[in-house]
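The values are calculated or read from the model by the stated rules, or taken from the named source; none is laboratory data. Fair warning: this is a prediction, and the values are worked out from it, not measured in the lab. Cβ: placed from backbone, ideal geometry, glycine included. Neighbour counts: every protein chain shown.
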Amino acid sequence: MDWQIRIALLIAGIGVIGYILYDYQRRKKAQTEKQRLIEQMRNAANQVDSQGFDFTGVGNVRKKDQSDSEQQEPTGEPEIDNRSTGAHTDSDVKMPKPSKPAKKQPTEQLALGDLADSQNQVDSKVAAEPDLVCSLILRAEEGKAFSGKDFMPILLSQGLRHGELGIFHRHTAGVSGKPGAVLYSVANAVNPGTFDLSNIEAFETPAFAFFMTLPGPKEPVNAYEGMVKTIRLIKQELGGQILDQSKSVYTEQTHQHQVELLRDYQTRHSLLKK
């Protein structure tokens, strides 16, 4: 039993001694590595490159050569003759010749011109965009269509005339027989939106699109009421269903709401003109 304890203690002692030796070697190696890094840093600090900069990028202070200052370019300031003790005259001061202005490149001028033209085009497009659009759709009953020979007399009776863009327009009274401003328009709800007058008797469409844009009519409420009157008349004579801009059924409540919007619009613009 004693010899077993002795062997165990011997093994433990060998293990402790081994750990001590290992720790000593590790510390010695770390110290050697640390010393090596310190020496490298010292050597690097004492070295400069071919332009006089050290490892941190800082160079030595340099003195400017007298010859360099003598060859310095003129600053453009007038050279004054200091030999004269009297008042300075024009001959005493030598003014530098003004440098020629750089010529503008034709391409730059063209680019600026194009930019201005583009801006004008954008401005004209923005100006042409309406502030408000009021639109209604008259859709024929399912499986049916509006015939040209049926709707043409109704449109003409309401003062609508075929004109620009191949659609119908209701104008104000013009001067010398010419039509005035457009109050509202009627388009074919099927692309391209036009009406073929050359074959109007056989022409059919499943729906009409009535619309009015503002600014436009001087009295937008009256123009809108006239548009609603026409679309209701066609519905009364030929049938169909009236839809609003969201393609929902057009109700009296929708009508009153739109009239209020137009009144507010007219009031705002009347105040702006004053």
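What the table shows:
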item	result
Filter pass, GLN236 being among the polar types (S, T, N, Q) and either touching a helix residue (DSSP H, G or I) at 6+ places or on another chain (Cβ under 8 Å) or surrounded by 14 or more Cβ atoms within 10 Å (Cβ to Cβ) (or both)	no
Residue within region 171-178 that is part of a loop (DSSP other than H, G, I, E, B), of a type in the set (Ser, Thr, Tyr), under 22 Å from GLN258 (Cβ atoms) and at pLDDT 90 or above present	yes
LYS247, sole failed condition from (1) in a loop (DSSP other than H, G, I, E, B); (2) surrounded by 12 or more Cβ atoms within 10 Å (Cβ to Cβ)	(2)
Residue satisfying all of: in region 151-165; assigned to a helix (DSSP H, G or I) and either among the aliphatic types (A, V, I, L, M) or under 16 Å from MET212 (Cβ atoms) (or both); nearest to the chain's Cα centre (by Cα) among these	LEU165
Residue in region 215-224 that is out of contact with any Phe, Trp or Tyr (no Cβ under 9 Å at 6 or more places or on another chain), surrounded by 14 or more Cβ atoms within 10 Å (Cβ to Cβ), without any contact (Cβ under 8 Å) to a residue 12 or more places away in the chain and in a helix (DSSP H, G or I) present	no
Test for ALA202: is it within 22 Å of GLY143 (Cβ to Cβ), small (Gly, Ala, Ser) and within 34 Å of the chain's Cα centre (by Cα)	no
Region 180-205 residues that are farther than 14 Å from GLU164 by Cβ and of a type in the set (Phe, Trp, Tyr), paired with ones that are modelled with pLDDT under 95 and assigned to a loop (DSSP other than H, G, I, E, B) (beta carbon under 6 Å, 6 or more apart)	PHE203/ASP196
